[in-house]
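First the structure, in the form of structure tokens, and then the observations on it.
The values are calculated or read from the model by the stated rules, or taken from the named source; none is laboratory data. Only a predicted model underlies this, so the values are computations on that prediction, with no experimental measurement involved. Cβ placement follows ideal geometry from the backbone for every residue including glycine, while neighbour counts extend to all protein chains displayed.
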Amino acid sequence: MKINIPYGKTNISISIPDKNLLGVLHPKRSRIRKSESRIIKDSILNPMGCCRLKDLVSPKETIGIVVPDLTRRCPRELILPILLDELKRGGIQDKDITIFMAIGMHRPLTKDEIGEAFGKDIVKRIKVKNHNPTDKSNLTHLGYVAGGVPAVVNKELLYKDHTIAIGVIEPHLYAGFSGGPKTLSIGMAGEETISYTHSPKFLDRPGVKLGAIKDNPFHRVIIEAACVAKLKFIVNVINNDLGRTIFATSGEPQLAFYKGIEIAILHYRVKADEPADIVICGVGWPKDSNLYQASRALTYITNTQKPIVKKGGLVIISAQCEDGVGRGLGEKRFYKSMVSENNAADLVKKMKGKSCLAGEQRAYMVAKSLRYADCAMVGTSIPNIVRKMHMFSFKDLKEALDYAFNAHGKDAKIYVVPHALVTLPVSR
């Protein structure tokens, strides 16, 4: 069977014998008749748990709009014009609005990238600033939230009369689901908060897991931190596996977020009959732009209650990694940690139960996954670096599959997950 898999902004194909293929796992696909703009506009004009935004604000008040960085496929160019129009109806002038790029520990956006993300009209009208998680002069400590986590956030944001967060609800390895308050609580946090919540000591706490929020301490932290930071309103979307917005939720942060999670669970969760010897994953743009992000596919596949890959199996990931490991401080720390030990087991042993710098936790999670299954990266721009980081590297999917059959036998069973970061496989 011939199957297409995302690779950057294009697709590549692979042929898998029918006798080996257990299935192709996709999020549910539904027929949506409304345009993306209409879905978003209907949501913003009919918020959950609060009045319309135009009635929530008053003339001369200042507004901070928190927006995810380019690692998330978010329709900023569709959301912002509708949002700004609603604020204008409430008497808010453009000069009183600031857009903050919630970069967490990722790299700041360049001027050209900001223009591409928002469009020239928005950039001409509204101030856009990159958050800086290491600039202590522009951070403030709001005390401690659940589990003794320090809530350190962008100081300038707190001076705004109203804070609005835009986000994308999709599966997240620690928070259960991204979006909602996380855009502010982590995206606009100081390094102290990010390091604490992303340390092995915290991530190994019971309940911290992919696709679940009940009794999840990471989820509780992002909710509480957003509350003390006075997040007033959110606009969140859910995208299908092709990147098209199929649902939007707006309003009071917790109510709107939980409604979105209900829909996300129905959309992203897919059942699998049995674990496979080999799982082939696609990531696609923008997540496959660097290894830090693309490696999430490995951790998503292996960190479920019943992984769809067998212990000792192989996870194959197609990713360009045009930015290498990644250019941000967190990505650089990820690489340095991964190559600091001779193998994944030693790295896990060194980091388990300890604190770490933000970014190093990705090395810990990847190393934990590599103890469960091998990983092969396909088509990256950094094959030698991939090998240094205890993973296999192949030039194309055919070469990777040839290796897989040699290692696991000609009768090895295979799942293909074309969009691994927005698919929640559940073994029966």
Worksheet, complete the sentence: Picking from 34, 54, the residue that is modelled with pLDDT of 95 or more and either outside the structural domain of residue 328 (by TED's automatic domain parsing) or farther than 30 Å from residue 2 by Cβ (or both) would be 54
Worksheet, complete the sentence: Those residues of segment 348-368 which are among the charged types (D, E, K, R) and either modelled with pLDDT under 95 or not in a helix (DSSP H, G or I) (or both) amount to 352, 354
Fill in: Flag if residue 54 is part of a loop (DSSP other than H, G, I, E, B) and of a type in the set (Lys, Arg)
no
Discussion item. Just to be sure I understand the filter: pairs with C-beta atoms under 7 Å, separated by 6 or more residues or on different chains, first member in segment 172-186 and of a type in the set (Lys, Arg), second member buried (at least 24 other Cβ atoms within 10 Å of the Cβ) and assigned to a helix (DSSP H, G or I). Which pairs pass?
Written reply: 182/222
Worksheet item: What tally of residues in segment 267-318 results from selecting those that are of a type in the set (Ser, Thr, Tyr) and either assigned to a strand (DSSP E or B) or over 20 Å from the mean Cα position of the chain (by Cα) (or both)?
Response: 1
Worksheet item: Of 168, 149, 123, which residue is in contact with a Gly (Cβ under 7 Å, 6 or more places away or on another chain) and modelled with pLDDT of 95 or more?
Response: 168
Worksheet item: Of the residues that sit in segment 244-271 and are surrounded by fewer than 24 Cβ atoms within 10 Å (Cβ to Cβ) and touching a Gly at 6+ places or on another chain (Cβ under 6 Å), which one is nearest to residue 417 (Cα to Cα)?
Response: 255
Worksheet item: Is it fair to say residue 57 is under 25 Å from the mean Cα position of the chain (by Cα) and either on the phi > 0 side of the Ramachandran plot or crowded, with 16+ Cβ neighbours inside 10 Å (or both)?
Response: no
Discussion item. Scan segment 323-334 and tell me whether some residue there is in a loop (DSSP other than H, G, I, E, B), touching a residue at least 12 places away in the same chain (Cβ under 8 Å), buried (at least 24 other Cβ atoms within 10 Å of the Cβ) and on the phi > 0 side of the Ramachandran plot.
Written reply: yes
Response to the item:
Of the candidates 126, 79, 103, 114, the one satisfying the condition of being out of contact with any helix residue (DSSP H, G or I) (no Cβ under 9 Å at 6 or more places or on another chain), assigned by TED's automatic domain parsing to the domain that holds residue 218 and closer than 22 Å to residue 236 by Cα is 103
Worksheet entry | Of residues in segment 106-154 being surrounded by fewer than 14 Cβ atoms within 10 Å (Cβ to Cβ) and among the acidic types (Asp, Glu), the one farthest from residue 290 (Cα to Cα) | 121
Discussion item. As an exercise: evaluate residue 337 against (1) surrounded by 23 or more Cβ atoms within 10 Å (Cβ to Cβ); (2) in a loop (DSSP other than H, G, I, E, B) and give the number of the one condition it does not meet.
Written reply: (2)
Discussion item. Restricting to segment 101-141, give me the number of residues that are of a type in the set (Ser, Thr, Tyr) and in contact (Cβ under 8 Å) with a residue 60 or more places away in the chain.
Written reply: 1
